[in-house]
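Right, one structure below, let's go through it.
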Amino acid sequence: MKPQETPRRFRLILLLAVACGALTMIPALRAADEPQNNLIQMLAAGKPAIGIWSGTTPSTRATRVLATSDADFIVADIEHEIYDFPTLHRFVLEVADFSQRYRTTPKSMPAILVKLGHRGGWDPRQEIAETMRVGPVTGVWVPIVESGAEMARIVSTYSQSEQTALEGINVSEQGGHTAASPLWPLNPKGRLMVVAMIETDEGVKNAEEIIRTPGVAAIETVHISEPDAAKVVKLCLQYHVIPAVDANPNDVKAKLAAGYKLLSLGWDYELMQQKLTENMKAVRAATMEGTTSSAKQ
């Protein structure tokens, strides 16, 4: 070894040591200083949150519209969309990027909840673990949960697997290898949440054991009767679980009065189609009026 190489190698080793030290310090600072995301803050304070379902995750332009909207949350549906985690990864990062760069008024980025492709009974634990590692995801929305055992198995993912791609380098307070659950409201300081869907008669029959499972944050009911949905909402309020539902300007007051707090406007592509249809009808009507007036002249 040449004499002049010794100081150079020493400096390189020192720089690597400093960098490794910084990496271990950053997670500790993040855990101490980072607040809960805006969605969980709102729900914890008893405020309603308004969001939208996305069936257009591969579309960058649609993602920009969602990211710069006034939505409190976005449900990225990979059950009915392209089941592709690289696409989901890009969508999650684009929401964060576009929200920061293009929003015209200051507001937190919409929280992202991923609607899983796996149903509760299909054991979605691996999918949940993979989903939580693609980027800044707030939690998952699990279809067709039918028993307390299924709900407990879903929640167990957060105590048995890494919750971010950085946990292997000692990110603290993120579940996985630590004692603290990352799930709100099980952990009042939790930054992640699980929403379960009750969609079948079996789910309604076992609704109470599903809802009272520690770690579930919210319940959405679909494809069941109004009396059964009312029963589920009553159980949610009894066990301090957030009821979730679709809403529109005409029925939102009634939904709030019934106890719903997690409100979605529906699918992004349906809203775009609705607006396009309205504009098309208006323009065609005006065109017909103009044509009729010209013919009379």
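A short reminder: the numbers here are calculations on the coordinates, not readings from a lab. The structure displayed is predicted, hence computed values, not measured ones. Here the Cβ positions follow ideal geometry from the backbone for every residue, glycine too, while neighbour counts run over all protein chains shown.
Each residue of segment 217-233 was assigned a 3J(HN,Hα) from its phi angle through the Karplus expression (A = 6.51, B = -1.76, C = 1.60, θ = phi - 60°), giving 9, 8, 10, 10, 10, 9, 6, 10, 6, 4, x, 5, 5, 5, 4, 5, 4 Hz with x at Gly and Pro.
As a rough footprinting exposure proxy, the listed residues His223, His240 were ranked by other beta carbons within 10 Å of their own, and the order from fewest upward is His240, His223. Given +1 at the Cβ of Lys and Arg, -1 at the Cβ of Asp and Glu and no other charges, the dipole of segment 38-296 around its Cα centre is 940 debye to the nearest 20.
The amide H of Ile242, built 1.01 Å from its N in the peptide plane, has Ala218, Ile219 as neighbours under 5 Å, considering only residues 5 or more places off or on other chains. Put in line by how crowded their Cβ is, counting other Cβ atoms within 10 Å and starting with the fewest, Thr57, Thr104 read Thr104, Thr57.
The modelled label-to-label distance for the pair Phe85/Ser59, using points 7 Å beyond Cα in the direction of Cβ, is 2.7 nm. Amide H contacts of Ser264 (H built 1.01 Å from N, in plane; Pro and chain starts excluded): Gly51, Val245, Asp246, Ala247 sit under 5 Å, all sequence-distant by 5 or more or on other chains. Karplus-based coupling profile of segment 97-105, in residue order and whole Hz: 5, 5, 4, 6, 8, 10, 5, 8, 10, with θ = phi - 60° in 6.51 cos²θ - 1.76 cosθ + 1.60 and x standing for Gly or Pro. Distant-in-sequence amide contacts of Leu186, defined by a placed amide H-H separation under 5 Å and a gap of 5 or more residues or a different chain, comprise Gly215.
Over 18 Å between Cα atoms: which of Lys189/Lys234; Lys47/Lys107; Lys205/Lys255; Lys47/Lys255; Lys115/Lys253; Lys47/Lys261 fall into that group? Don't jump to the answer; show the numbers that get you there.
Numbers: Lys189/Lys234 26 Å; Lys47/Lys107 16 Å; Lys205/Lys255 23 Å; Lys47/Lys255 13 Å; Lys115/Lys253 26 Å; Lys47/Lys261 7 Å.
In this structure, Lys189/Lys234; Lys205/Lys255; Lys115/Lys253 exceed 18 Å between Cα atoms.
Between Thr104 and Lys189, the distance separating the two model label sites (each 7 Å from Cα on the Cα→Cβ line) works out to 4.0 nm. Taking the Cα centre of each part, how many Å lie between segment 193-244 and segment 82-149? Centre-to-centre (Cα) distance: 21 Å.
Tell me, Phe98, Phe73 in order of fewest to most beta-carbon neighbours within 10 Å?
Working: Phe98 18, Phe73 28.
The fewest-first ordering by Cβ neighbours comes to Phe98, Phe73.
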